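In what follows, a single structure is set out as structure tokens and then discussed.
The values are calculated or read from the model by the stated rules, or taken from the named source; none is laboratory data. No experiment lies behind these values; they were computed from the predicted model shown. Cβ coordinates were reconstructed from backbone atoms using ideal geometry, including for glycine residues, and neighbour counts include every protein chain displayed. Only protein heavy atoms, including side chains, enter the accessible area calculation; ligands, DNA and RNA are left aside. Shrake-Rupley method; radii C 1.70, N 1.55, O 1.52, S 1.80 Å.
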Amino acid sequence: MKVLGILGAHQPDGVTSKMLQAVLAGASQTATTDWINLADYEIKPDHDNQPNPVLDKLEAKLLAADVWVLAAPVYLGSLSGVMKNFLDCFRNRIARYNAVGEAVPDRFKNKHYVTITDCYAGGIENYVTGVTDAAFKTMDKFLTMGGLIKLREIVVTHTWGMKTLSAAKQAEGERVGRKAALKKERDDNTVKRYIELFGMIAVMALVTMGIEAAIGLVIPLHNFWVYYGVFVLIFYVLLASILHFFTVVKHRRR
């Protein structure tokens, strides 16, 4: 197994780099590790069908790795420009495109990845406002285009003036690295997700029936269509709430 760290930050020894190094330290116990500092490269897109030698070099490293660990801070509420520039310039290589311009996973399909970001905001502020969400979503969109499978997110908050990681964050990074290095099965957990979906629907239906029974004690629901309409409305509200949580609030903000 080979784990590759990809740093997209202006400071090679800042908090973002330290978190990345913690993950690589954990992975190094059972795997080969390497890392790229994107700021060391003059990254520009391929031009007029002429491959960029810098992108060729980076692509070779990405192809050789089983797990990618992307680390980039949040600047002004979004992903750092160093990482964003790399994603923009590499977008035509992360996947192949069909006749109508749709991205189709190709050479990088079924590799795994971990994403890391950090911000000045405190844990509670980030949890409420989602300062780091945009950075995670941008990296996720790029990587899922290539068919990579997500393992974990790590976020470090309240980084203003921070020089070293806390013992807890250092331990978290090493723990994530150890687990990532052992992820040999290239599986997107489809069966697991169907089981989780079944369980979620079963619980939602039970909760909906309970709420509807409680409403029935106050407002009679003897008409079939009224009963059906109330059931659908309650079920929809529960489903919308769960989907909102998993698509917006699920990121590890603290």
Q: Report yes if some residue within the stretch 102-121 is open to solvent by 40 Å² or more (accessible area, probe 1.4 Å), under 19 Å from residue 7 (Cβ atoms) and not hydrophobic (A, V, I, L, M, F, W, C); otherwise report no.
A: yes
Q: Determine the pairs where a residue that is at positive phi and free of Cβ contacts under 8 Å to residues at least 60 places away in the same chain, located within the stretch 11-37, has a partner that is open to solvent by 60 Å² or more (accessible area, probe 1.4 Å) and charged (D, E, K, R) with Cβ atoms under 6 Å apart, the partner being 6 or more residues away or on another chain.
A: none
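Do the conditions hold for residue 77, that is, is it in contact with a His (Cβ under 6 Å, 6 or more places away or on another chain) and surrounded by fewer than 18 Cβ atoms within 10 Å (Cβ to Cβ)? If you could, list the steps in order and put the result at the bottom.
On the way: in contact with a His (Cβ under 6 Å, 6 or more places away or on another chain): no; surrounded by fewer than 18 Cβ atoms within 10 Å (Cβ to Cβ): yes.
The answer is no for residue 77.
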Q: Would you mind telling me which numbered condition in (1) under 16 Å from residue 94 (Cβ atoms); (2) modelled with pLDDT of 95 or more; (3) crowded, with 17+ Cβ neighbours inside 10 Å residue 54 fails?
A: (3)
Q) Which number in (1) over 22 Å from residue 95 (Cα atoms); (2) at pLDDT below 95; (3) of a type in the set (Val, Ile, Thr) marks the one condition that residue 190 misses? A) (1)
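Residues to consider are 137, 84; find the one that is at pLDDT below 95 and closer than 23 Å to residue 24 by Cα. Explain how you work it out, then say what you get.
Values: 84 fails: at pLDDT below 95.
Of the residues listed, the single one that is at pLDDT below 95 and closer than 23 Å to residue 24 by Cα is 137.
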